[in-house]
Each structure stands twice: as C-alpha cells, then as structure tokens.
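Heads up: the structure comes next, in structure tokens.
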Amino acid sequence: MPEHIPQEPGEFTGRTALVTGAGQGIGAAVATALAARGAHVVATDRDAHGIDELAAATRGSTAAPGTLATRGAITPRVMDVTDHRAVSTVIGDVIRDHGSLDLLVNVAGILRTAPVAELTDADWADTFAVNTTGVFHTSRAAAAHMTARGSGCIVTVASNAAGIPRTGMAAYAASKAAATMFTKCLGLEIARSGVRCNVVAPGSTDTAMQRSLWTDDEAPRRVIAGDTETYRTGIPLGRIADPQDIADAVLFLASDRARHITLQELYVDGGATLR
C-alpha cells in the first residue's frame, strides 16, 4: 500500500508558487496559506498596494513554536495578466531567481454585471481579457516550464456561475466557463508530462467583489436564502464562504495528497448549485 500523505505545516517547503490576483480576497488567502505551509509565493496583482501589504504582513507574522523552519515567504510582483509580455517576463524571472515554478494558481478576475441588452462591448471584452485570456497567458507560460521539467500543478479559481445560468452575469459566467474548459483541455494535453490541472469553483464568498453586489445590511441573508425572481438558489449550508474555505480547496488540489487528481472541477459553494 502507498504511504499516507498527510497535510502538515511544511508540505510546500522548497516549492515556488505564483498566485495571480493576490492583492485581496481569495488570492490573498491562497498566497498566505501557501506561505504558511512553506512555499515561496510570488504574489502578483496589477495593483501593488495589496500585495505589498500582504508581503509585509507575512514578514511580520510569528510562526508557532517549532514551525519557523517550515514557514515560506511572499514576494510581491506587479503583473497584469492581460499583458502576455509582462506575464512571460515575470514567470521567466521567477524561474531564474528560484530555479523552478512548481505551482500556478489563477485567481485574478473582474466582475461586470448587467443584463445582456445593457452589457457594453467594453464590459464584455474587459471581462474576458482578465478572466479568460489572463488564465491563458499565465497557464501557457507556466506549462511550458512545467512540462519541460516533468512536474507541476496549475489550479484555476473559476466560479460556480460557470455551471449554472445567472441573470445579469452573462459576461462573468461565460468567461469563467471558458477558463474552466481551457484549464481542463490544457490538463489533458500535458498530463503525460506529469503536470496536473484542476479547477476550484467557489460560490458566494465574502470578498470585495461579493460585497460590491450588496445594497443593504440584509443582502447576506438574501444570498443565503436565494431569490426566486432571479432564479437563484440559496445556500443549503446556510452560510457565505470565507476566502479561507476556497484557499483550503486550492491547497488540497495543489498538494501531493491530490497527486492522482487532474482535469477535475471542485465546487466550493455550500451546495448552492445543487450538484
């Protein structure tokens, strides 16, 4: 029988990870969790403020007794995923400076809401530029290195909106569905090289993006309860996710505990899509 691979504080020690959209929300939670388990994390965002604060907070944190040696680090790096030259430069620098890129987590995303009749060309183009083409840029560059060295892992954070229609969210849902299928197709192409590609699909999560949709103090309750007028189911578990809930799923799929898992889509939505 193969040996059990437990989760432990240093399970990512010696590995280098790049996380996009790490300036806040889910991306920040993923970057922090990876560093806490020993990874050297290159935290990227197109805005320096959030990733600089994240790196400073990590440097100032205190590890539990006996775990200091397993704690990783966070290096902030400004990067716009819509710029393929910038992406290639940053990933090339990471490989040069750290010797490898073991893990890519695609989190960067934007949300533009409107009924299709009111959706502008710019809203559509901008949404796909970040949510879909950005995943293509980063994954293509990372996969080239990973396949050459015969190992690596790519996790794309998409959305449960990719698997269920949402009113007012056509651009977002379509872009996340495209990113999901792209990640699976890439995973199929490079599986024989020892590289795994998976998707985490969050539902409503307490982030700045989610809160931008709330208009009053009762909004969280309505999200949990659902809304028949917009054909939106509620959340059976009765709570909105915390970013750490999503980070935990990402870390599992990125870890050796998931070494035989690829091309999969893990919904972390409290049962909201009834899947």
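Using Cα-Cα distances under 8 Å and only pairs 6 or more residues apart, what relative contact order does the range 162-275 have, in percent?
That works out to 34 percent.
Once both labels are modelled 7 Å past Cα along the beta-carbon direction, what's the Asp216-Phe252 spacing in nm?
Here the answer is 3.7 nm between the modelled labels.
Restricting to the chain, what percent of DSSP beta bridges are antiparallel, rounded to 5?
Here the antiparallel bridges make up roughly 5 percent for the chain.
Distance in nm between label sites at Asp126 and Asp47, each 7 Å beyond Cα in the beta-carbon direction?
1.3 nm
Can you tell me what percent of all Cα-Cα pairs in the chain are more than 29 Å apart?
30 percent
If R₀ is 51 angstrom, what is the calculated FRET efficiency for the pair Thr89 and Ala225, using the beta carbon separation as r and rounding to 0.05?
0.65
If the only charges are +1 at each Lys and Arg Cβ and -1 at each Asp and Glu Cβ, what is the size of the charge dipole of the range 42-184 around the Cα centre, to the nearest 20 debye? Kindly include the intermediate steps, with their values, before the conclusion.
Values: 12 positive and 13 negative charges, 106 e Å.
Dipole size: approximately 500 debye.
Could you compute the net charge surrounding Met209? Neighbours are other residues with a C-beta less than 13 Å from the C-beta of Met209; K and R count +1, D and E count -1.
It works out to a net charge of +2.
Project the alpha carbons of the range 151-240 onto their principal axes and report the range along each, largest first, in whole Å.
Over the range 151-240, Cα extents along the principal axes are 49, 22, 21 Å.
Defining a contact as two alpha carbons under 8 Å apart and six or more residues distant in sequence, what relative contact order in percent does the chain show? Intermediate values should be presented prior to the final figure.
Working: 561 pairs, mean separation 49.7, N = 275.
Relative contact order of the chain: 18 percent.
With each pseudo-label sitting 7 Å past Cα toward Cβ, what's the Ala144-Leu263 distance in nm, one decimal?
Roughly 2.6 nm, to one decimal.
Arrange the peptides 126-138, 238-250 so that the one whose residues have, on average, the most other Cβ atoms within 10 Å appears first.
126-138, 238-250
Report, largest value first, the span of the C-alpha coordinates of the range 87-156 along each principal axis, in whole Å.
So the extents along the principal axes, rounded to whole Å, are 48, 19, 14.
Multiply the residue separation of Ser193 and Thr233 by 0.36 nm, subtract the distance between their alpha-carbon atoms, and state the gained length in nm to one decimal. Display every interim value, and only then the final one.
On the way: separation 40, 0.36 × 40 = 14.40 nm, distance 4.02 nm.
This chain segment gains 10.4 nm when fully extended.
Using the per-residue mean of other Cβ atoms lying within 10 Å as a proxy for protection, in what order, highest first, do the peptides 210-219, 190-199 fall?
Descending mean neighbour count gives 190-199, 210-219.
None of the figures in this text is laboratory data; all of them are computed from the coordinates on show. Note that this is a predicted model, so its numbers are computed, not measured. FYI the Cβ positions are ideal-geometry reconstructions off the backbone, even for glycines, and counts take in every protein chain you see.
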